[in-house]
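What follows is one structure encoded as structure tokens, with my remarks underneath.
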């Protein structure tokens, strides 16, 4: 049994790593020191699709799965733990409950926006 990453998963990881190095890393230490949240970084993360990695395509997500989501959190956190935690909280405290507990009407209303 092969437990290695698929080519698609490797591409996701490289994309996340490059994004983290190019967008998240610059100024991360300064933002943490000043206790500032970078909304621009979050918006760029969402534009890349990070906010919807576990969301099915029918609701505007990528349906990439838990492993790809975990790789995203890892790569973002490598340069800025607070942005990694933001992604984790968004997914586990906001997206997951809607996916598993909301009505179909609520899913259609909220998931594409998140």
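The values are calculated or read from the model by the stated rules, or taken from the named source; none is laboratory data. These numbers were taken from a predicted model, which means no experiment stands behind them. Positions of Cβ are backbone-derived with ideal geometry, glycine not excepted, and every protein chain shown enters the neighbour counts.
Residue check, residue 78 against (1) under 18 Å from residue 18 (Cα atoms); (2) crowded, with 17+ Cβ neighbours inside 10 Å; (3) over 13 Å from the mean Cα position of the chain (by Cα), all met but one. Which one?
(2)
In this structure, does residue 89 turn out to be exposed (fewer than 13 other Cβ atoms within 10 Å of the Cβ), under 13 Å from the mean Cα position of the chain (by Cα) and part of a helix (DSSP H, G or I)?
So residue 89 passes the test.
Give the stretch 15-27 a look and list any residue that's assigned to a helix (DSSP H, G or I) and either at pLDDT below 95 or more than 24 Å from residue 68 (Cα to Cα) (or both), or say none.
Residues satisfying the conditions do not exist here.
Within the stretch 49-56, identify whether any single residue is over 23 Å from residue 102 (Cβ atoms) and surrounded by 18 or more Cβ atoms within 10 Å (Cβ to Cβ), and answer yes or no.
Looking through the stretch 49-56, none of the residues is over 23 Å from residue 102 (Cβ atoms) and surrounded by 18 or more Cβ atoms within 10 Å (Cβ to Cβ).
A quick yes/no check of all residues on (1) over 18 Å from residue 99 (Cα atoms); (2) in a loop (DSSP other than H, G, I, E, B); (3) over 15 Å from the mean Cα position of the chain (by Cα):
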{"position": "29", "(1), (2), (3)": "yes, no, yes"}
{"position": "33", "(1), (2), (3)": "yes, no, yes"}
{"position": "37", "(1), (2), (3)": "yes, yes, yes"}
{"position": "43", "(1), (2), (3)": "yes, no, no"}
{"position": "70", "(1), (2), (3)": "no, no, no"}
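Select from the stretch 57-68 the residues that are free of Cβ contacts under 8 Å to residues at least 12 places away in the same chain and either part of a loop (DSSP other than H, G, I, E, B) or within 11 Å of the chain's Cα centre (by Cα) (or both) and list them in ascending order.
63
So which residues in the stretch 1-14 are over 14 Å from residue 78 (Cβ atoms) and not in a loop (DSSP other than H, G, I, E, B), if there are any at all?
Within the stretch 1-14, 7, 8, 9, 10, 11, 12 qualify.
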